[in-house]
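First the structure, in the form of structure tokens, and then the observations on it.
The values are calculated or read from the model by the stated rules, or taken from the named source; none is laboratory data. Keep in mind the model is a prediction, meaning the values are calculated, not measured. Backbone-built Cβ (ideal geometry, glycine too); neighbour counts: all protein chains shown. These area figures cover heavy atoms from the full protein model, side chains too; ligands, DNA and RNA do not enter into them. Shrake-Rupley method; radii C 1.70, N 1.55, O 1.52, S 1.80 Å.
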Amino acid sequence: MRNSLILVFLSFFTSVISAGMYESTDTNKTIVVHAVRTKEPIVVDGILSEQVWQNNFEITDFTQLDPAEGKPATQRTEVRIVYDDAAVYIGARMYDSCPDSIIKNLARRDVSVNADMFKIYFDPFFDKRTGFYFAVNAGGTIYDGTLYNDTWNDQSWDGVWEGKAHIDDKGWTVEIRIPFSQFRFKLKDMDKWGIDIERLIARKHEDDFLVYIPKNSNGFVSRFAQLEGIKGIKPPSHFEFLPYGTTKAEYSDPGIGNPYSNGSVYTPNIGADLKMGIGTNLTLNAAINPDFGQVEIDPAVINLSDVETYFQEKRPFFVEGSSFFDFGNGGVTNYWSFNWWSPTFFYSRRIGRAPEAAIPTADFVNEPSGTQILGAAKIIGRLDDGWNIGAIQAVTKREYADYQVDGQQYSLEAEPLTYYGIVRVQKEFNSGQQGIGMISTYTNRFFKDSGLPDQLNKNALVGGLDGWSYLDTSGTWVMNGWYSASNVTGDKADILSLQTGSRHYFQRPDSKYLSVDSNATSLTGYAGRIVLSKQKGNWQVNAAIGAVSPGYEINDLGYLPVTNDINMHIGSMYQWTTPTNFFHNAQLGAAIFRTYDYESEITWEGFYHYGYLQFPNFYAINWDYAYNPQTLNNRETRGGPAMINPPGYQVDLSANTNQQKNLVFYLGGGTYHTDYSDQPYIYGEIDFNPSTNISLSIAPQLAYVYTIAQWVNSYPDPYATATFGTRYVFAQFNQTTLSSGIRLNWTFNPKLSLQLYMQPLISAGNYRNFKELAQPGTYKFNTYGQGSSTFNSDTYSVDPDGPGPAQPFTIANPNFNVVSLRGDAVLRWEYLPGSVIYFVWTQTRSDQETIGEFQFNNSFDRMWTLPADNTFIIKFTYWINI
């Protein structure tokens, strides 16, 4: 059956490839605009007072994308572009018939707010795939980022440039100065750049473009206008030096008799980052004793699954330019997936992670919260022959942990000296119509402690090839594919642990494909995926087939929590982009999907439908529905025999008011239901702008979980012959979780802002009616306390067969009541271009009790009386451009 379905997918791919070759070509006329050289000094103050802004090369022809798609802009816009040897300058006048109605909300850099905005996009390489964007809103907030894969953007890049806005009786104006050092380009071929310009008129929901791209079309950078006239420049050398200094004060409750802490720790630190241009198209970033601490705290999470929690990267060195290391995503701009764990080949949170050595049970432990990064270097850019190249190299320090047991102190190696490396190369052909790339990651650990090789891989190597090709000249149909292989090495105990861990479960007793090799010192696997997408027109199609072998392992420097999957889907959607009296725009989509394991068992399948409707008043609703028939679950017993996934359905519904208003409401909810479980949830959010420079967001969420069979633990017992000599214990489970994210942003001016964030969380889980799996491949259980078995609800002791020969065992009380309060305050002041001072206060409070009932009043009171861990940080940087 599996092979038949795969043949259906391949036949579908072949038929649409043939059909795609006959698509019509795109005959859009190229728009050409000009830049003018200037010798006049320009003061960037937002006021177009310089004579150069009166030249005859103004850009005025703008077209609406919204609300009246394809119609001329309702307000006149004039843009002029000039340059000298050091920088390119943009002067723009946005005429407005009601200047007192211009929305000028202010926010921190790169934070989206409802405001009028001017935005300019450049493609300096003129490759029709990549670029940069720069924006200034009417309040003076600046935005910047990079463009890649034609239609995607990444706001992590922060260039050093100037942009100012000014409002007058004619509307508002913008002046921008961007040094050539902030771009990557070919000096010898720079007389042609790609360009687009955008203007947002917030009160009208109007979005105007120089190059208007219809909503049912595709592409962005590839459709840019052509900028001519920048030539003969001699940009200065690009060398940026950014020394920094930090001081950190940490205050926490050390506990009585703690020999390692008196409750306060003070840590000063200095270092430097440097950025150097290698020619005009490569940039080298390096760090000396880098400060890789993150400013914003991670959220609290209650994770009862066997899947590792994924946290977003927040450290600037790794965030900036991270999109360059994306793998397997080229060409296709709209990816669908259903039960497919797409590998993250470079998960930068692995570098500098918390030490992972197992520490014996101790009275007190002194262990670093993260591994110090001794040094790191990053290079990103493009070679002269058109190859994009990116590489990161980093070395982390050998870390130690101290611990005390019964007054005796010990020390062990908690994390070895480790090298991490990643290289990514990619080349595009025929203006992005085809592309090919490669990625490689390598991790090498240097152990001293004899206990660490049993716990961590010695070496890990991952390599991959990816590419794409458009199947017609109009860019309607595109196919993307990638293939990767992995190899990790270590001692026997380490590889045995890897085989039996939650990512692989080779020990499954009912498996005919998997087996454990206790003598193995390496593990090898492969993965790959092919995607076909029709991404142009009102009707679009998306299909994919992918596989991850059981031995594939990338988690030394990547992230992939699940293997042993063969996954596929076919889906389609239709979009209405022409407004009517009933809706502004709408979408409907549906898909079917299926996942096999490597024993041809169906582990997940279903039908999915979604819809989106935006009304003429810009209120909107989203909904989706999925049905999943009965399948086999090879993970629920966590290395034991497979059991049944009961049939179930998912329903979700959400709505929001007009997002361009100063007060916006969001409301949503849904559930996943089977005959044996329910997982309803509801959430809301209020976004409020009481003034042009203050925004408040409150987002509460309430979630409930009920199931008759929540995993508890497994207990070996030779008399449990029906389940291969192990009792797999489950319980009826009820969990209630109430949380909220509360955020206040106060922007005093475009350079000075205060951010406050708080996340309270209360979660309680109650386990009862303990039971064991009765028979593999079923959803049948033997409940303890029934028949001949006994169960003591006070001690959680179990005798599975009463007077029989099986030995009693005791279950650790799994009930929990977790209370957490996390928050931070960040004051950011850019006192000079590129130079920033941060004042940061972080506080955490948390506690856990073995009480399964949800007790809001008690938990809420406890939250505020718990001892707090406080961290205060002052960090300053000084940008030097040489």
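List of remarks:
- Some residue of the stretch 24-47 being part of a helix (DSSP H, G or I), surrounded by fewer than 12 Cβ atoms within 10 Å (Cβ to Cβ) and modelled with pLDDT under 95: no
- Of all residues in the stretch 530-539 being open to solvent by less than 20 Å² (accessible area, probe 1.4 Å) and assigned to a strand (DSSP E or B), the one that is nearest to GLY481 (Cα to Cα): VAL531
- Matching residues, the stretch 70-103, being in a strand (DSSP E or B), more than 14 Å from GLU58 (Cβ to Cβ) and without any contact (Cβ under 8 Å) to a residue 24 or more places away in the chain: PRO72
- Residue check for SER486: open to solvent by less than 10 Å² (accessible area, probe 1.4 Å) and touching a residue at least 40 places away in the same chain (Cβ under 8 Å): yes
- Verdict on ASN857 being without any contact (Cβ under 8 Å) to a residue 40 or more places away in the chain, out of contact with any Lys or Arg (no Cβ under 9 Å at 6 or more places or on another chain) and either open to solvent by 70 Å² or more (accessible area, probe 1.4 Å) or under 30 Å from LYS751 (Cα atoms) (or both): yes
- Of the residues making up the stretch 602-637, those that are over 30 Å from TYR728 (Cα atoms), in contact (Cβ under 8 Å) with a residue 40 or more places away in the chain and assigned to a loop (DSSP other than H, G, I, E, B) are ASN617, PHE618.
- Hits in the stretch 363-380 (condition: open to solvent by 30 Å² or more (accessible area, probe 1.4 Å) and in a loop (DSSP other than H, G, I, E, B)): ASP363, GLU367, PRO368, SER369, GLN372
- Some residue of the stretch 823-831 being part of a strand (DSSP E or B), of a type in the set (Ser, Thr, Tyr) and either surrounded by 18 or more Cβ atoms within 10 Å (Cβ to Cβ) or touching a Ser or Thr at 6+ places or on another chain (Cβ under 8 Å) (or both): no
- Screening SER323 on (1) under 30 Å from LYS534 (Cβ atoms); (2) not basic (Lys, Arg); (3) not in a helix (DSSP H, G or I) shows it passes everything except condition (3).
- Those residues of the stretch 438-469 which are more than 27 Å from the chain's Cα centre (by Cα), over 21 Å from THR500 (Cβ atoms) and not small (Gly, Ala, Ser), in sequence order: PHE446, PHE447, LYS448, ASP449
- Answer from ASN149, ASN114 - the residue that is over 30 Å from GLY386 (Cα atoms), out of contact with any Leu (no Cβ under 8 Å at 6 or more places or on another chain) and either of a type in the set (D, E, K, R) or open to solvent by less than 30 Å² (accessible area, probe 1.4 Å) (or both): ASN114
- When the stretch 760-799 is filtered for residues that are hydrophobic (A, V, I, L, M, F, W, C) and surrounded by fewer than 16 Cβ atoms within 10 Å (Cβ to Cβ), only ALA774 remains.
- Test: residue in the stretch 381-398 that is assigned to a loop (DSSP other than H, G, I, E, B) and on the phi > 0 side of the Ramachandran plot: yes
- Test: residue in the stretch 861-882 that is open to solvent by less than 40 Å² (accessible area, probe 1.4 Å), on the phi < 0 side of the Ramachandran plot, in contact with a strand residue (DSSP E or B) (Cβ under 6 Å, 6 or more places away or on another chain) and in a loop (DSSP other than H, G, I, E, B): yes
- Among the residues of the stretch 818-867, the ones that are farther than 18 Å from ALA300 by Cβ, within 25 Å of the chain's Cα centre (by Cα) and of a type in the set (A, V, I, L, M, F, W, C) come to 3 in all.
- A search for C-beta distances below 6 Å between a residue of the stretch 117-135 that is touching a residue at least 24 places away in the same chain (Cβ under 8 Å) and any residue that is assigned to a strand (DSSP E or B) and polar (S, T, N, Q), counting only pairs 6+ apart in sequence or on different chains, returns MET117/ASN137; PHE132/THR146.
- Residues being crowded, with 23+ Cβ neighbours inside 10 Å and either charged (D, E, K, R) or farther than 27 Å from GLN54 by Cα (or both) - total across the stretch 81-104: 1
- Leading residue by the ranking (nearest to GLU853 (Cα to Cα)) among those in the stretch 716-740 that are part of a strand (DSSP E or B) and not polar (S, T, N, Q): PHE733
- The stretch 301-355 - residue that is in contact with a Pro (Cβ under 7 Å, 6 or more places away or on another chain) and open to solvent by 20 Å² or more (accessible area, probe 1.4 Å) and, of those, farthest from MET573 (Cα to Cα): PHE317
- The combined condition, being under 30 Å from ILE392 (Cα atoms) and at pLDDT 95 or above, is not fulfilled by ALA590.
- PRO629 meets all of the listed conditions (1) farther than 30 Å from ASP494 by Cα; (2) out of contact with any Lys or Arg (no Cβ under 8 Å at 6 or more places or on another chain); (3) open to solvent by less than 20 Å² (accessible area, probe 1.4 Å) but one, namely (3).
- Selection status of TYR596, of a type in the set (Ser, Thr, Tyr), more than 22 Å from TYR347 (Cβ to Cβ) and either at pLDDT 95 or above or out of contact with any Cys (no Cβ under 6 Å at 6 or more places or on another chain) (or both): yes
- In the stretch 179-221, the qualifying residues are those that are among the small types (Gly, Ala, Ser) and over 22 Å from GLN575 (Cα atoms), and the one that is surrounded by the most Cβ atoms within 10 Å (Cβ to Cβ) is GLY194.
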